[in-house]
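Okay, structure first, notes after.
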Amino acid sequence: MKKIILDSLGQSQHRGFNFRNLLYNNEARAFFFQIATLLIVIGLFYTAIGNLFENIEARGIHTGFSFLKNRAGFDILPFLGNYVVDYTPESPNLSVFYVGLINTLVVAFIGIILSTLIGLLIGIARLSNNYLISKLAGGYIELFRNIPILLQILFWYNLFINVFPHPKQSFSFFDLAFLNQRGLYLPKPIPEEGFLFVGIAFIIGIIAAYFIKKFYKKKHELTGIHTSTWLYTATLIIGLPIIVYLLFGSPLQFDYAILGKFNLKGGMAVVPEFLALTFALSVYTATYIAEAIRSGIEAVDKGQKEAAAAIGLTQIQSLKLIVLPQALRVAIPPTINQYLNLTKNSSLATVIGYPELMSTFGGTVLNQVGQAVEILGMAMLVYLVISLFISLLLNYVNKKMAIQGR
Amino acid sequence: MSVYDQQATRKPPISQIGAILWLRTNLFSSWINTVLTATSLYFLYLMIPPLLDWMFFNASFSFGTINFFGFDIKFSEEMATNSNCGRVGACWPYIYEKLYMYTYGFYPRTETWRPNIVFGLTALLFVIIPLVKNYKYKNRVILSLIVIYPIVSYVLISGGFGLLPVVETHLWGGLLLTLVIASVGIIVSFPIGVVLALGRQSELRVIKLFSTLFIEFVRAVPLITILFMASFVLPLFLEPGNNSVDKLLRALIGIALFQAAYFAEVVRGGLQAIPRGQYEAADAIGLSYFQKNALIVLPQALKISIPNIVGSSISLFKDTTLVLIIGLLDMLAMVGLTTADPYWLGRETEGYVFVTIVMWVMLYSMSRYSRKLELRFNTENTN
């Protein structure tokens with residue numbers, strides 16, 4: 001402040017300190033506006049927080065996070081989160097938070113994989129020179145991206161509950177899996193002693209394949225001799241675990257669902273809430289990913305493909321070495337953004353009662369405890385962290401994909 | 001000298017012209033393409049006939065007496081209930097019967113003319129704006145319309161001011177509520193978004209910090225957490241005993257703040273696209289900050305961002321459906337509400353299909369419009 005006043009003095013040497021000069025001094029103005037904004041924001045917060053405490057006291061709501069230790073006392077639809085946390089109604093509210101968090105992450109993870117697969121398929125189909133395929137893909141995109149996601153979730157869930165058959169008339173897929181209004185029944189894998197080694201073999205296979213690939217790549221760079229490595233890779237990643245599996249005498253059994261008198265017995269049931277939510281989210285997000293992939297491939301200059309053909313690369317080499325790396329540079333950033341959107345949209349599961357973060361913790365616990373500020377704050381923090389993580393990932397990818405200038 | 005006769009031109013081979021050529025190049029150019037074509041045809045065969053059967057051939061269209069917007073239409077002596085509809089096909093009489101609910105919610109039937117006028121005015125607005133496109137004072141006309149239209153609509157729909165009987169907001173519903181939320185959301189959030197975008201680009205650190213924090217925070221969390229905040233926490237922030245903020249207003253505040261952050265990013269994109277020289281020129285001729293932005297920067301930045309603004313508005317329109325989670329009765333919420341009627345139990349599928357069709361038609365036409373805008377602005381910029 002002192003500096004500013006001195007500055008304004010300096011500009012009007014012959015008249016000494018002048019208020020008018022201070023008013024028209026850019027720095028003084030900037031200072032004033034920033035102080036004013038700060039005061040307004042602080043004032044708003046001060047009033048709001050003051051009112052908050054008064055209201056909380058008047059309504060007899062507790063404050064603080066001690067409610068996290070209290071008994072939850074309600075059932076949660078059994079899904080993965082329940083088993084991981086070992087949830088019972090006797091568990092504390094904090095367990096509910098973990099159950100919700102795990103279920104949110106499960107939906108996000110599977111949704112991301114599914115939407116990427118569908119998006120890739122549709123994006124490539126959109127560019128197919130087959131008229132019917134390209135039009136079908138276009139129709140898919142126009143249909144699903146112009147229907148609100150909430151409506152799609154409700155629609156598929158309703159299809160499960162009201163239209164799909166009773167367990168007795170389940171759709172059966174070779175008696176291995178069953179689909180009915182209670183969900184999807186899959187064979188339940190039961191790992192026995194020794195199955196751990198199969199997993200270890202799988203990991204060793206991946207690591208070994210990585211080094212082999214690296215070795216031959218180096219050889220290619222040094223000598224120009226190209227060696228195809230896919231056979232080694234396949235043997236190591238698939239073959240090695242199979243050998244170990246057989247050596248240990250098939251340490252993995254399956255418990256198949258069997259059609260009983262009224263219901264299916266055994267197997268592994270995937271609840272319709274999860275299926276409807278994941279399906280709707282994947283189908284909706286895939287339309288955006290498909291568009292990103294299409295625009296990525298279209299962004300590659302035609303001359304690049306022609307140049308690749310001119311130096312004698314095959315179709316597949318041209319796609320793998322020339323077109324895709326350039327297409328992905330355009331397609332990946334918007335795709336990662338869509339992953340974030342998918343994760344945020346998974347919170348809409350509250351309408352169908354899938355037990356994710358906003359329906360268990362932000363829903364039932366909020367209704368029971370009433371400490372909206374703390375509970376919603378925690379939920380928002382989770383989404384903030386997820387989105388921060390995805391932004392970091394995006395920055396990393398962008399940096400890695402940036403064109404290397406020389 | 002021999003004389004040569006002109007030979008008649010041979011016709012091109014049948015496989016090189018017309019429909020057959022088209023089929024060969026587009027559907028059967030290689031064996032892979034043939035397989036793909038066959039698979040898609042089979043897929044269409046699996047999907048389309050059952051859908052048509054359900055929607056039309058096995059569906060019930062008319063029976064009983066239907067109350068259609070207050071008019072009784074008599075189809076037959078039977079009662080218009082669930083049981084008279086077949087189980088295999090759709091039951092469209094349910095939609096006719098509940099069309100009023102889907103359109104106006106619980107809005108009093110005697111006052112329907114008021115939202116109808118607003119619907120009419122909205123349609124008129126879309127007719128007038130292209131008409132005055134070449135008129136000398138078009139900016140003034142459009143600006144005054146933009147100011148007058150919301151006021152007139154508000155007075156008509158909610159009543160009060162001693163002119164019309166008041167209709168409480170909890171009676172608003174259906175498509176009417178959807179449109180109210182979408183339009184209020186867009187109109188209110190847009191100026192906030194522009195201010196936030198300018199704030200984020202500002203050289204004043206405090207202002208830049210607050211704008212950036214707000215934008216990034218809001219964009220990182222799902223809309224539903226903001227709606228929950230608005231409906232549970234916002235009342236706690238107000239003075240004790242202040243109940244003037246009703247459910248709809250709370251939702252509107254939440255949606256407007258949410259959308260403002262998204263508009264801010266769209267406008268910021270436009271601001272960044274303006275060449276540096278424009279800012280410097282404005283400074284050089286001695287314009288103030290306000291003059292610089294109002295006369296030089298924003299007109300250009302907003303024009304560039306129009307396609308994205310429309311795109312963002314479309315997202316907002318889709319997001320309005322979320323208000324059903326905090327208990328507002330928009331068009332989507334009407335499905336659950338109307339199928340709770342004991343006469344129409346279990347007709348959710350028809351309801352969802354109907355809402356899907358209405359929403360899709362609106363959203364699809366909006367997205368076509370935005371694509372048209374995008375193309376128009378693209379060609380202008382490439383020259």
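Here are a few things to note about the model shown:
- A single member of B:Leu171, B:Leu175 is in contact with a strand residue (DSSP E or B) (Cβ under 7 Å, 6 or more places away or on another chain), surrounded by 11 or more Cβ atoms within 10 Å (Cβ to Cβ) and touching a residue at least 12 places away in the same chain (Cβ under 8 Å), and it is B:Leu171.
- Top-ranked residue of the range B:334-359 - restricted to ones that are outside any helix (DSSP H, G or I) and within 12 Å of chain A (Cβ to nearest Cβ), ranked as surrounded by the fewest Cβ atoms within 10 Å (Cβ to Cβ): B:Leu345
- Cβ-Cβ contacts under 8 Å between residues 6 or more apart (or on different chains), taken from a first residue in the range A:122-150 that is at the interface with another protein chain (Cβ under 7 Å from one of its Cβ atoms) to a second residue that is in a loop (DSSP other than H, G, I, E, B) and among the aliphatic types (A, V, I, L, M), are listed as A:Asn130/B:Leu27; A:Tyr131/B:Leu27; A:Leu132/B:Leu27; A:Pro148/B:Leu332; A:Leu150/B:Leu332.
- Listed by first and then second residue, the pairs linking a residue in the range A:350-370 that is closer than 21 Å to A:Phe109 by Cα to a residue that is of a type in the set (Phe, Trp, Tyr) and not in a helix (DSSP H, G or I), with Cβ atoms under 7 Å apart and 6 or more places separating them unless they lie on different chains, are A:Pro355/A:Phe79.
- All conditions but one from (1) under 30 Å from A:Ile206 (Cβ atoms); (2) modelled with pLDDT of 80 or more apply to A:Gln253; the one that does not is (2).
- Residue match in the range A:62-81 (condition: modelled with pLDDT under 85, surrounded by 11 or more Cβ atoms within 10 Å (Cβ to Cβ), within 14 Å of chain B (Cβ to nearest Cβ) and part of a loop (DSSP other than H, G, I, E, B)): yes
- Scanning the range A:362-406 for residues that are more than 11 Å from chain B (Cβ to nearest Cβ), farther than 20 Å from A:Asn341 by Cα and surrounded by 13 or more Cβ atoms within 10 Å (Cβ to Cβ) yields A:Thr364, A:Val365, A:Gln368, A:Val369, A:Met401.
- From A:Val385, A:Val330, residue being of a type in the set (A, V, I, L, M), over 18 Å from A:Asn103 (Cα atoms) and in a helix (DSSP H, G or I): A:Val330
- Output for the range B:18-34, where each listed residue is at the interface with chain A (Cβ under 10 Å from one of its Cβ atoms), part of a helix (DSSP H, G or I) and of a type outside the set (S, T, N, Q): B:Trp22, B:Leu23, B:Ile32
- Test: residue in the range A:342-358 that is more than 9 Å from chain B (Cβ to nearest Cβ), of a type in the set (S, T, N, Q) and either surrounded by fewer than 23 Cβ atoms within 10 Å (Cβ to Cβ) or part of a helix (DSSP H, G or I) (or both): no
- Selection within the range A:221-263 - assigned to a loop (DSSP other than H, G, I, E, B) and under 23 Å from A:Gly183 (Cβ atoms): A:Tyr256, A:Ala257, A:Gly260, A:Lys261, A:Phe262, A:Asn263
- Yes/no for A:Ile190 being touching a residue at least 60 places away in the same chain (Cβ under 8 Å) and within 14 Å of chain B (Cβ to nearest Cβ): no
- The condition (being closer than 28 Å to B:Gly336 by Cα and assigned by TED's automatic domain parsing to the domain that holds A:Ala292) is satisfied by just one residue among A:Thr116, A:Thr104: A:Thr104.
Every residue, every condition in (1) farther than 30 Å from A:Lys344 by Cα; (2) assigned to a helix (DSSP H, G or I); (3) not aliphatic (A, V, I, L, M), yes or no:
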| residue | (1), (2), (3) |
| --- | --- |
| A:Leu132 | yes, yes, no |
| A:Leu136 | no, yes, no |
| A:Gly139 | no, yes, yes |
| A:Leu143 | no, yes, no |
| A:Gln152 | no, yes, yes |
| A:Tyr157 | no, yes, yes |
| A:Asn162 | no, yes, yes |
| A:Phe178 | yes, no, yes |
| A:Val198 | yes, yes, no |
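- Test set (1) within 12 Å of chain A (Cβ to nearest Cβ); (2) part of a helix (DSSP H, G or I); (3) in contact (Cβ under 8 Å) with a residue 24 or more places away in the chain - B:Ile304 fails condition number: (1)
- Any hit, the range B:208-215, residues being assigned by TED's automatic domain parsing to the domain that holds B:Phe263, surrounded by fewer than 21 Cβ atoms within 10 Å (Cβ to Cβ), assigned to a helix (DSSP H, G or I) and in contact (Cβ under 8 Å) with a residue 40 or more places away in the chain: yes
- In this structure, B:Leu324 does not satisfy being closer than 29 Å to B:Tyr104 by Cβ, outside any helix (DSSP H, G or I) and touching a helix residue (DSSP H, G or I) at 6+ places or on another chain (Cβ under 9 Å).
The values are calculated or read from the model by the stated rules, or taken from the named source; none is laboratory data. It should be emphasised that the depicted structure is a prediction, and the values quoted were computed from it without experimental measurement. Every residue, glycine as well, gets a Cβ built from its backbone with ideal geometry; the counts of neighbours run over all protein chains shown.
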